[in-house]
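The values are calculated or read from the model by the stated rules, or taken from the named source; none is laboratory data. Just so you know, these numbers come straight off a predicted model, no measurement behind them. We place every Cβ from the backbone using ideal geometry, glycine too, and count neighbours over all the protein chains shown. When the accessible area is computed, the model is the full protein with side chains, heavy atoms only, and any ligands, DNA or RNA have been set aside. Shrake-Rupley method; radii C 1.70, N 1.55, O 1.52, S 1.80 Å.
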Amino acid sequence: MSVEENKEIVRGYFAEVVDKFNIDLLGEYYTDDCIIHRPEVPEPIIGIEDFKAGLTRVIDSYSSIKTTIYEMFGSDDRISCRLSHLAVHRDNWKSRIGYHEVAGKTVGWSAIANFRIEDGKIAEEWVCRDELGMLIELGVLDVE
């Protein structure tokens, strides 16, 4: 597949699965044996079913999510993108430092996501996000 086709896979994942909360489409974008590296979990998530369960928990904590992709770069089977999410919390939020009462609050964060594409689907994903900025914006941490 071309780099442009691989970019479209990544764009589709954010637009159709994340922003529209359509977990049922995850298998159209990810391999069955995908490996997901996310900051909020200590070990990689392995397999589409475990990823669906984890992503469902994440998405269920928001009443809305809007992804903006600013830049995408690709080479061979690798795609990297710089993006942001703007979301409204539906319930409490579990960060790496605990649970926080943030229901109804809007939060935005930037992220870098790297993908490895295999046979037209995402086989591996690495995410790095500004969780400290999220904690400050939500008022969990006071930095004054």
Under the Karplus curve 6.51 cos²θ - 1.76 cosθ + 1.60, θ = phi - 60°, whole-Hz ³J(HN,Hα) for the stretch 10-16, x wherever Gly or Pro sits: 5, 4, x, 4, 5, 5, 8
Carbon plus sulfur fraction of accessible area for the chain, probe 1.4 Å, in percent: 50 percent
Note, ³J(HN,Hα) from phi for the stretch 74-81, Karplus 6.51, -1.76, 1.60, rounded to Hz, x at Gly and Pro: x, 8, 6, 9, 10, 10, 10, 9
Listed residue (ILE45, CYS34, MET72) projecting farthest to the positive dipole end of the chain, Cβ model: MET72
Percent RCO, i.e. relative contact order, over the stretch 35-81, from Cα pairs under 8 Å lying at least 6 residues apart: 19 percent
The stretch 1-96, relative contact order in percent, only Cα pairs under 8 angstrom and at least six apart counted: 28 percent
Crossing angle, helix 48-60 versus the chain [Cα axis fit, 0-90 degrees, rounded to tens]: 30 degrees
Other-chain or far-sequence residues with amide H under 5 Å of VAL102's (modelled H): ASN92, TRP93
Structure-derived Cα Rg over 2.2 N^0.38 Å - corresponding label in (i) 1.04; (ii) 2.22; (iii) 1.15: (i)
Sequence-distant residues sharing a close amide H with CYS34 (under 5 Å, placed H): GLY47, ILE48
Lysine pairs within the chain, Cα separation less than 18 Å, 8 or more sequence positions apart or different chains: 7
